[in-house]
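Peer 1: Sharing a structure, written as structure tokens. Questions coming.
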Amino acid sequence: MRLCRRVIFAGNGFMNLLKATGTIGGLTLVSRVLGLVRDSLFARYVGASFASDAFLVAFRLPNMFRALFAEGAFASAFIPMFNQKVADPEGQGLADGLEFAERALAVLLPVLLAMTVLLEVFAWPVTLLLSGKFHGVSEHEFAFAVTLSRYTVPYLMLISLVSLFGGILNSLQKFWVNAAAPILLNLTLIAALVLFHNRDPMATARNQAIAVSVSGALQLAWLAWACWKNGISLRLRWPQLNPDVMRLMKLILPAAAGAGAAQINLVVSTALAASLLSHGSVTYIYMADRLNQLPLGLIGIGLGTVLLPTISRQLGAGDELDALETQNRGMELALLLTLPATMALVVCGEPIAVALFGYGRYTPADSHFTAQALAAFSIGLPSYILVKVLTPGFYARQDTRTPVRFAMISMAVNLVGNLVLILPLQHMGPPLATAIASTINVWMLYSTLVRRGHFIADRRLRRRAPRLTLAALAMGGVLWRGQELIMPYVHGSWPVRFGALVALVSSGMVVYGIATVVMGAFSRNDLVLLVRRRRTSPTPSNK
């Protein structure tokens, strides 16, 4: 009976993860597609120049602190504690969880206000740190970059409050609401580009910086309204460092570095590229990272969002075996979706970059350099996503120190890699260093979980992983030949470009799907079970 239960859970657990991840991934797909539209318009109206580099450095500032102190760190520490409050059989359920959230907000809000004021006041040295004062710019141009940073700073406070509300809704399995919030960011920036673009690229960049903070206000309004609709309202309390809040702060501080390791690596890469390379290099790296973030957002964020509350809930109920099964299926799903995306971005970076960005102020040379940076980034794509799968195994057990220790080692590796590779490889050096550092981070996380007995690859995962790799390689071979056929079409009108990309992606998906079945990586029974689950399961998982 125990064996039958494990087999049933393996199938249902995989499909539960797939369905929940698909819900988040679908909304994230909408956001990422809109993000590509935004980036295409940005490339058209601003190009790869000092103006684009200045805006991207200013945009990196709130993104860095968001990853360090808001989305990653706060969610990693807050969600397990909130779930424990709600699931405590001796407590009052949701009421206890909301009281804890109110006390967390009471401490978080003053900290955010103080940090916003400090960043506004010290925007000049912060911009200098993030850019190295760029490469050969005048004092007037650098002052312009500082002004852009001041325009984007309020986004930090707004998006941090969004993370609080989003963490509550994720814990209550209202995943889609928080996943839809980034759509507002992209719609706001697209509207600013369409309605307020200017012949002067610097004026367009300034309008984009203002739109960033406007989008933060819209996202906060959306999450607050969604909480209210679900019967959740938080009262403002006087800040008090009670034991729960103190415990939350102790968890947040180390988790901040762990969750923000990738962002810190990108900040280092941006600063070195801005200070050592020619104008436009920051833009090449950013555009390549945006393309690399598409599968990361669809797969990694979706998996991470679902796995953390799921594993923490299972461990809270004492179901160690169920938590282990969830981790195995998460790893399997990550490989199933990530390996083909990696191969496609490495092999077909040139037609993708040309089709999406290669018009207006963005020259063919700019597209070529972007494709080179994309190939370097994409080598590490499996690692970026596996970090999202492995870290919940630590956070769900409220161990935030181990991931942060490994993250610090990863950041040191990235710094050394940047310094060694940036001059010989130019704009490809920082992305390659980031990929290497992330791979080392994943190896340390995985080996530690295995050594502690918190993760054991089951037979199904060990059998399917190499077969998925072979299927992805087969797909890569077909795409390598196919990109030569579509290159003439990616320079055409938008419908022609779009059709060429759809044809390339569709052919890759068909080849990969066939290869997974032929090589035994994905069976006909999996497809039958997936169809049954979609017809009969009303929720991702309530167990």
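Nothing in this text is a laboratory measurement; each read-out follows from the coordinates by a stated rule. This is a predicted model, so every value here is computed, not measured. For neighbour counting, all protein chains shown are included, and Cβ atoms are generated from backbone atoms with ideal geometry for every residue, glycine included.
Peer 1: Between VAL420 and LYS250, how many nm apart are label points set 7 Å from Cα along the C-beta direction?
Peer 2: 3.8 nm
Peer 1: Another question, if that's okay. Need the C-alpha centroid separation for the range 340-400 versus the range 132-180, integer Å.
Peer 2: 21 Å
Peer 1: For HIS454, HIS368, which order do you get if you count the other beta carbons within 10 Å of each Cβ and list the fewest first?
Peer 2: Exposure proxy ranking, most exposed first: HIS368, HIS454.
Peer 1: Sticking with this structure for a sec: Report the extension gain between SER447 and ARG237 in nm, rounded to one decimal, defined as 0.36 nm multiplied by the number of residues separating them, less their alpha carbon distance. Let's see the in-between values first.
Peer 2: Numbers: separation 210, 0.36 × 210 = 75.60 nm, distance 4.31 nm.
Extra length available between SER447 and ARG237 comes to 71.3 nm.
Peer 1: Highest first, please rank the peptides 393-400, 127-134, 232-239 by the mean number of other Cβ atoms sitting within 10 Å of their residues.
Peer 2: Result, highest mean first: 393-400, 127-134, 232-239.
Peer 1: Note down the nm distance, to one decimal, between modelled labels 7 Å out along Cα→Cβ at LEU321 and at LEU218.
Peer 2: 5.0 nm
Peer 1: Between TRP124 and LEU29, take the C-beta separation as r, use R0 = 56 Å, and let me know the FRET efficiency to the nearest 0.05.
Peer 2: Rounded to the nearest 0.05, the efficiency is 0.90.
Peer 1: To the nearest Å, what is the center-to-center distance of the range 190-223 and the range 412-484, using C-alpha atoms only?
Peer 2: One Cα centre to the other: 35 Å.
Peer 1: Tell me, ARG199, ARG463, ARG44 in order of fewest to most beta-carbon neighbours within 10 Å? Could the numbers behind the result be given before it?
Peer 2: Values: ARG199 7, ARG463 12, ARG44 17.
The fewest-first ordering by Cβ neighbours comes to ARG199, ARG463, ARG44.
Peer 1: When a/c is below 1.5 the answer is rounded, else prolate if a/b is larger than b/c, else oblate, so apply that to the range 126-208 with a ≥ b ≥ c taken from the square roots of the Cα gyration tensor eigenvalues.
Peer 2: In terms of gyration-tensor shape, oblate.
Peer 1: Sticking with the crude label model, points 7 Å out along Cα→Cβ, report the distance from VAL502 to LEU94 in nm, one decimal please.
Peer 2: Distance between the two pseudo-spin positions: 4.2 nm.
Peer 1: Can I ask one more? Say the cut-off is 23 Å between C-alpha atoms; which of LYS174/LYS388; LYS85/LYS174; LYS174/LYS229; LYS229/LYS388; LYS85/LYS250 go over it?
Peer 2: Too far apart for the 23 Å limit: LYS229/LYS388.
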